[in-house]
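Enquirer: The structure is given below, and queries will be raised subsequently.
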Amino acid sequence: MAALNTTVAPTGTPPDRGVRAGRRPALRRDGRYASIFLAPSLVGLALFTLFPTAMALGISLFDWPVFGDRAFRGFGNYSHLLHDPVFRRVVLNTVLFVVLYVPLNVIVSLGLAVWLGPQIRGRQVFRVLFFIPVMTPMVANVMVWRLLFQPGGLIDGGLQSWFGIDAPNFLGSSNWAMPAIVAMSIWQGFGYNFLVFSAAIDQVPQSQLESAQIDGAGPLQRFRYITWPMITPSMFFATTLTLITSFQVFAQPFILTQGGPGVATQTIVMYVYNQGWQFLQMGLASAAGWVLFVIIMGITAIQFVGQKRWVNYDI
C-alpha cells in the first residue's frame, strides 16, 4: 500500500512571521506603559540634576556675584583656581582624606564581615549595631565625636585619669585634625560596606569552603582562592561608591574643625560652599564644583576600565 503523502504545501504567511507581527502591538503598548511609569523619574532627573548641572557649567564661565553686575570671563575662573594656593591646598586635603579613608573603610568593613561569617551565631545583632551609625544623622554623629576630641573631653579626661598625660589637641592641631576626621568618618560609614561584604560572603558556597578545608587549605588560602574571587563584584561596587562619597566629604570637617586650623582640613566641597555662600561668588564656586565633577568622573572611569582585570563576574 502506497504511503500517504502528508506534506502540506506552505500557503499564506509563515507562522513565525505572523507571531512576530502579533507581538508588535503588545511591545508598543508595553513601551507606552514603561514611558508613563518612567516619566516622573525622568522629569525629576532633568529638573533637579541635568538642568542644575548645565546651569553650573554656564555660571562657571561668568564673574557671577550674587549681588551686582555679571561679566563673561570664559575660563578665567578655572585659571584663578589653578593659580590659587588655597584651592591647591584644598585639593591636596581632599586627596589625603580619600587616601586615608577609603582603604581603612574597606579593610575594617571587610575584616568584620569575614569575622562575622555565616558560622557565627547572633551575627544579625552585630549587623544592626554596626549599621546604627550609618542611619544616625551625620550632624549628631559629628557633634558626639567633637565632644570626644575637644580638650577636656572623654579622650583627654581618660588619658589624664589613667596615665596622667594630656591628649593631643586633635581638632586644633594641623597634624591631628585630618586623622581625627578620618577616624570619625570610618566609624560613621563602615557599616554600609560591612553589610555589602557580609551579603556577598553569605553567597559563597559552604560546600566549596569545606572541600578546600578537607584538602588542607588554611583560612587564608580559602579566602584568597575561593571567597575573594566570588566577592570581587561587591568589592568593586563598594570601593566605587566609597571613593565617590569620600571626594564629596563636607559635614565632618565643616562641623568638627570648620576647615581649620587655617585650611588644614578644608575640602573641595567646603571651598565651593565658602565661595558660594560666604563670599557670594557663584561663578568661582561653580567652577570649583565642575573641577570636582571632572575629578570624580575621571577616577570612576579609571575604576571601570581597571575592574576588567580583577573583578570576576563568571564565577
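The values are calculated or read from the model by the stated rules, or taken from the named source; none is laboratory data. Remember, it's a predicted structure, so these values are computed and weren't measured experimentally. In this analysis, Cβ positions are derived from the backbone assuming ideal geometry, glycine residues included, and neighbour counts consider all displayed protein chains. SASA here: full protein model, heavy atoms, side chains in, ligands and nucleic acids out. Shrake-Rupley method; radii C 1.70, N 1.55, O 1.52, S 1.80 Å.
Enquirer: What shape does region 63-310 have by the C-alpha gyration tensor, where a ≥ b ≥ c are the square roots of the eigenvalues, rounded means a/c under 1.5, and otherwise prolate means a/b greater than b/c and oblate the rest?
Expert: Taking the square roots of the gyration eigenvalues as a ≥ b ≥ c, region 63-310 is oblate.
Enquirer: So what does residue 297 come to for accessible area, using a 1.4 Å probe and Å² rounded to 10?
Expert: Estimated to the nearest 10 Å², residue 297 gives 100 Å².
Enquirer: Ignoring ligands, DNA and RNA, what percent of the 1.4 Å accessible area of region 63-310 is carbon and sulfur?
Expert: About 68 percent, which is the carbon plus sulfur part of the accessible surface.
Enquirer: Would you list 84, 314 from the most to the least accessible area, probe 1.4 Å?
Expert: Result, largest first: 314, 84.
Enquirer: Given a 1.4 Å probe and the protein chains all in place, what does the accessible area of residue 79 round to, in Å² to the nearest 10?
Expert: Per-residue accessible area (residue 79): approximately 50 Å².
Enquirer: Oh, and also: Pairing the Cα long axis of helix 123-135 with the longest principal axis of the chain, what angle in degrees results, from 0 to 90 and rounded to the nearest 10?
Expert: Value to nearest ten degrees: 60.
Enquirer: So how do 228, 115, 145 rank on accessible area, 1.4 Å probe, biggest first, that is with the largest at the start?
Expert: From most accessible down to least: 115, 228, 145.
Enquirer: Further, regarding this structure: With a ≥ b ≥ c taken as the square roots of the eigenvalues of the C-alpha gyration tensor of region 113-213, please select rounded if a/c is under 1.5 and otherwise prolate if a/b is larger than b/c or oblate if it is not?
Expert: prolate
Enquirer: Another question about this same structure. Give me the accessible area per residue for the chain, probe 1.4 Å, as a whole number in Å².
Expert: 61
Enquirer: For residue 236, what is the net charge nearby, where nearby means another residue's Cβ is under 12 Å from its Cβ and Lys, Arg count +1, Asp, Glu -1?
Expert: Here the charged neighbours net out to +2.
Enquirer: Relative to the longest principal axis of the C-alpha atoms of the chain, give the angle of the C-alpha long axis of helix 85-115, reported between 0 and 90° and rounded to the nearest 10°.
Expert: 60
Enquirer: Counting Lys +1, Arg +1, Asp -1, Glu -1, what net charge surrounds residue 77 among other residues with beta carbon under 14 Å of its beta carbon?
Expert: 0
Enquirer: Compute the longest continuous run of the chain that contains no exposed trypsin sites (Lys or Arg not before Pro); treat a site as exposed when its DSSP state is not H, G, I, E or B and it has at most 14 other Cβ atoms within 10 Å.
Expert: With a cap of 14 other Cβ atoms within 10 Å, the longest stretch comes to 122-315.
Enquirer: While we're here: As a test of reading the structure, rank 120, 214 by solvent-accessible area (1.4 Å probe, protein chains only), most first.
Expert: From most exposed to least exposed: 214, 120.
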